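What follows is a single structure, written as structure tokens, with notes after it.
What follows draws every value from the coordinates through simple rules; no lab data is involved. Just so it is clear, the model here is predicted, and its values are computed rather than measured. Methodologically, a virtual Cβ is constructed for each residue, glycine included, from the backbone with ideal geometry; neighbour enumeration extends over all protein chains shown.
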Amino acid sequence: MGSSKSSLAILLCLILAVFSNVVLEAEARAFFVFGDSLVDNGNNNYLATSARADQPPYGIDYPTHRPTGRFSNGFNIPDLISQAIGEESTLPYLSPYLTGERLLVGANFASAGVGILNDTGVQFVNIIRIALQMQYFEQYQQRVSDIIGPEETERLVNSALTLITLGGNDFVNNYYLVPFSARSRQFSLPDYVVYLISEYRKVLTRLYELGLRRILVTGTGPLGCVPAELAQRSANGNCAPDLQRAASLFNPQLQNMLDSLNSEIGSNVFIGANIRQTNIDFISDPGRYGFVTSKVACCGQGPYNGLGLCTQLSNLCPNRDIYAFWDAFHPSERANRLIVRQILTGSTDYMSPMNLSTIMALDAASNV
Ligand SMILES: *[C@@H]1O[C@H](CO)[C@@H](O)[C@H](O)[C@H]1NC(C)=O
Ligand SMILES: *[C@@H]1O[C@H](CO)[C@@H](O)[C@H](O)[C@H]1NC(C)=O
């Protein structure tokens with residue numbers, strides 16, 4: 001008995017030793033980001049658009065304490081994922097610094113204001129709609145190919161991790177932007193959601209065709225609970241029912257669509273992140289996560305600091321770590337950390353079919 005226990009212990013040590021070598025030797029993994037302001041690292045700084053975060057106090061808690069174009073007081077979700085996989089942050093695709101070796105880390109194609117549909121965010125005029133983000137990704141592959149050749153490029157893309165965040169703007173900045181919007185006259189909400197999902201499916205299929213094999217797809221979160229919606233369409237500070245309904249229709253259909261794509265492909269290419277749980281825990285129960293509020297934005301003005309933009313003239317909270325929302329729409333860095341922790345280690349209630357730590361371990365093992 002004793003000796004079988006100790007040989008088991010030795011075996012476990014061996015397994016751990018092998019496993020840690022695998023992790024150490026695993027190649028640097030490229031990271032690609034597509035989507036909207038939740039994940040834009042600063043592409044819109046280079047565009048003539050009103051959807052931008054390049055003025056203080058944006059970036060107040062970033063290492064440089066300066067605005068970068070991220071819609072956060074500090075790091076955003078892609079930064080924290082890069083840190084978790086041991087990489088430097090990806091640069092915005094439009095950045096002039098994205099050249100040479102830096103290209104091999106990956107790139108961020110996201111642009112604040114965009115949605116699944118081309119007519120989402122028209123008021124922001126000059127933004128990189130999703131079809132153009134994907135064209136830029138093709139252009140990126142050509143540029144990388146010029147450096148490391150087509151075969152290595154294919155390997156880099158096939159083994160990369162990707163994050164895409166879309167959908168919120170198709171409600172907030174399209175269907176519900178104005179009363180009697182064109183889309184709301186064209187579609188009932190349930191029909192609009194079906195249409196969005198069918199268009200999103202084409203986008204995701206295209207990402208697969210372009211060679212990406214591990215793609216995190218985020219849900220919309222509780223759209224009706226953000227300070228902007230509390231300020232504009234809520235009674236008594238309850239989450240706005242129309243946008244909550246939108247999220248509760250969209251998220252389950254998104255997960256079903258991902259499941260169906262995976263079974264068609266025969267592999268878990270698409271990973272749903274925070275989709276099943278429409279209610280994000282730190283919004284329903286902010287106190288438990290060390291926030292004083294999930295209703296009032298740190299930076300803004302009007303009820304819940306939810307009206308207009310976050311600018312140097314806005315109210316600004318002294319301690320950003322105790323606010324779930326940095327501005328009227330976007331989580332604080334500390335809330336982003338909670339979201340990314342969920343992505344890394346969350347149970348299947350949050351991550352479907354599995355979390356990022358599991359994916360990293362699987363991929364490291366299959367790259368031996
Ligand atoms: C959106 O625009 C792109 C590029 O202009 C086009 O290829 C695509 O078909 C459009 N999508 C829809 C749903 O109209
Ligand atoms: C998620 O990750 C943790 C390890 O950090 C693991 O223990 C857990 O079982 C994972 N959950 C799922 C559902 O994969």
Set the Förster distance to 30 Å, then compute FRET efficiency between Val125 and Gln232 from the Cβ-Cβ distance, nearest 0.05.
-> 0.85
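DSSP beta bridges in the chain, what fraction antiparallel, as a percent rounded to 5?
Of all bridge pairs located within the chain, approximately 25 percent are antiparallel.
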Mean shadow area of the chain, taken as a quarter of the surface of its Cα convex hull (nm²) = 20.5
Once amide hydrogens are built 1.01 Å from N within the peptide plane, the residues lying 5 or more places from Gly35 or on another chain with amide H under 5 Å from its amide H are Ala110, Ser111, Thr165
Using θ = phi - 60° and the Karplus curve 6.51 cos²θ - 1.76 cosθ + 1.60, what whole-Hz ³J(HN,Hα) does each residue of segment 136-145 get, with Gly and Pro shown as x?
-> 4, 5, 5, 4, 4, 4, 5, 5, 5, 4
Under 12 Å from the Cβ of Asn305, count the other residues' Cβ atoms, weight Lys and Arg +1, Asp and Glu -1, and hand me the total.
-> 0
Neighbour net charge for Leu161 - beta-carbon separation under 10 angstrom, K R +1, D E -1 | +1
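Ignoring everything except DSSP H segments at least 4 long, calculate the 222 nm mean residue ellipticity for the chain; use -39,500 (n - 2.57) per segment, divide by total residues, nearest 500.
On the way: 11 runs with 146 residues, N = 368.
Estimated from H runs of four or more residues: -12500 deg cm²/dmol.
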